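See structure below.
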Amino acid sequence: MKTHTFRLKPQQDLFDSIEGFVKENNIEAGCVLSSVGSLTHATLRLANRGYYNDYDGHFEIVSMTGTVSIHGSHIHVAISDGDGVTIGGHLVSGCKIYTTAEIILLELEDVVYKRELFENDSGYEELVVYKK
């Protein structure tokens, strides 16, 4: 296992930047260990919805978890506003960093994560784990 730590700056896209880091470092299997930071805009796909919701304001990233891979990532994020109201969902492109985002990824070097569509399953490409 190997860890990767990086920091995002204002106006960077949270999801796109994570995906870019994963591709740049050729990470075939990993997970989000930790993330803190803030957003001025959030775009999320909420549970059981086929569309995205947009939120503007100042939000703290209070949790982020998921699997990452050059073959497809699946990340969830929870954000809270100035009153502590928290919302979470699937992280997608469109979340803009406010002050910073500190990201720690764990890379698993003995497996490969891929995403595949299965008949009679969720309708989404799901995680498949292959041994290296």
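Just so it is clear, none of the values below were taken in a lab; they were calculated from the coordinates. Note that this is a predicted model, so its numbers are computed, not measured. As a convention, Cβ positions derive from the backbone with ideal geometry for all residues, glycine included, and neighbour counts pool all protein chains shown.
Below, the figures for the structure above:
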| item | result |
| --- | --- |
| Rounded tilt (10° steps) of 14-24 against the dominant C-alpha axis of the chain | 30 |
| Computed E for GLU126/THR86 - FRET, C-beta separation, R0 30 angstrom, nearest 0.05 | 0.65 |
| Estimated distance in nm for a label pair at TYR52 and GLU109, the labels positioned 7 Å out from Cα along Cα-to-Cβ | 3.5 |
| Given charges at Cβ of Lys, Arg, Asp, Glu: segment 2-131 dipole, positive-most of TYR55, LEU33, THR5 | THR5 |
| Protection proxy ranking of 16-28, 50-62, 112-124, 90-102 - average other beta-carbon atoms within 10 Å, highest first | 90-102, 16-28, 50-62, 112-124 |
| Label-zone membership for segment 58-102, site ASN26, 7 angstrom Cα→C-beta point, backbone N under 19 Å | 68-73 |
| Where Cα atoms sit under 17 Å apart: lysine pairs in the chain separated by 8 or more or lying on different chains | 7 |
| Ratio of Rg to Rh over segment 2-131 (Cα coordinates, Kirkwood Rh, two decimals) | 0.98 |
